[in-house]
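Here the structure comes first, spelled out in structure tokens, and everything after it is commentary.
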Amino acid sequence: MIYPGISSQVEMTDIATPYTLWRYTRNYRGAYEGWLLTPEAVSVKISNTLPGLANFYMAGQWVQTGGGIPSALSSGRTLVQNLCERDGKKFSTVTP
Ligand SMILES: Cc1cc2nc3c(=O)[nH]c(=O)nc-3n(C[C@H](O)[C@H](O)[C@H](O)COP(=O)(O)OP(=O)(O)OC[C@H]3O[C@@H](n4cnc5c(N)ncnc54)[C@H](O)[C@@H]3O)c2cc1C
């Protein structure tokens, strides 16, 4: 036992399962970081557009494999970079 006596001081416990995440967010199969990162998934290119919707783009954990916040941020950055390229604008970033 690492912390003797701690159990008697716990007033409430709560456990989140994939079902909990699905119930709150409706993310596919209760995934909390997007697509499962498998060796096959690493090289998969996921579309960030939808058929019939012009000038509509998606960013986030479901359009880039890798998972979590880094993937979500990276997909947004890449999208803006691509839009700048398309529109002939310079892509520049600032460090906060
Ligand atoms: C408990 C938990 C712990 C985590 N810990 C980590 C961690 O330590 N490190 C890490 O990198 N990642 C972690 N993650 C994963 C990370 O939070 C997600 O990968 C990331 O937030 C995904 O960003 P996103 O922009 O794709 O989606 P989200 O952050 O889910 O944003 C989607 C947004 O769209 C909104 N939305 C949904 N439907 C609609 C609609 N119809 N109209 C308008 N708005 C809508 C939602 O309200 C939400 O604000 C964790 C996730 C969970 C659940």
> If you go through segment 1-39 one residue at a time, how many are exposed (fewer than 10 other Cβ atoms within 10 Å of the Cβ) and within 20 Å of residue 74 (Cβ to Cβ)?
Replying inline: 2
> Which residues, counting only those in segment 1-52, are β-branched (Val, Ile, Thr), in a loop (DSSP other than H, G, I, E, B) and within 15 Å of the ligand (Cβ to nearest atom)?
Replying inline: 15, 17, 46
>> Please determine whether any residue of segment 75-90 is out of contact with any Gly (no Cβ under 7 Å at 6 or more places or on another chain), touching a residue at least 24 places away in the same chain (Cβ under 8 Å), in a loop (DSSP other than H, G, I, E, B) and surrounded by 10 or more Cβ atoms within 10 Å (Cβ to Cβ).
In response: no
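Looking at this structure, is residue 71 within 15 Å of the ligand (Cβ to nearest atom), out of contact with any Phe, Trp or Tyr (no Cβ under 8 Å at 6 or more places or on another chain) and part of a helix (DSSP H, G or I)?
Against the criterion (within 15 Å of the ligand (Cβ to nearest atom), out of contact with any Phe, Trp or Tyr (no Cβ under 8 Å at 6 or more places or on another chain) and part of a helix (DSSP H, G or I)), residue 71 qualifies.
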> So is residue 66 assigned to a loop (DSSP other than H, G, I, E, B), under 11 Å from the mean Cα position of the chain (by Cα) and at positive phi or not?
Replying inline: yes
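Values quoted throughout were computed directly from the atomic coordinates according to the rules given, and no laboratory measurement underlies them. Only a predicted model underlies this, so the values are computations on that prediction, with no experimental measurement involved. Cβ atoms come from the backbone with ideal geometry, glycine included; neighbour counts cover every protein chain shown.
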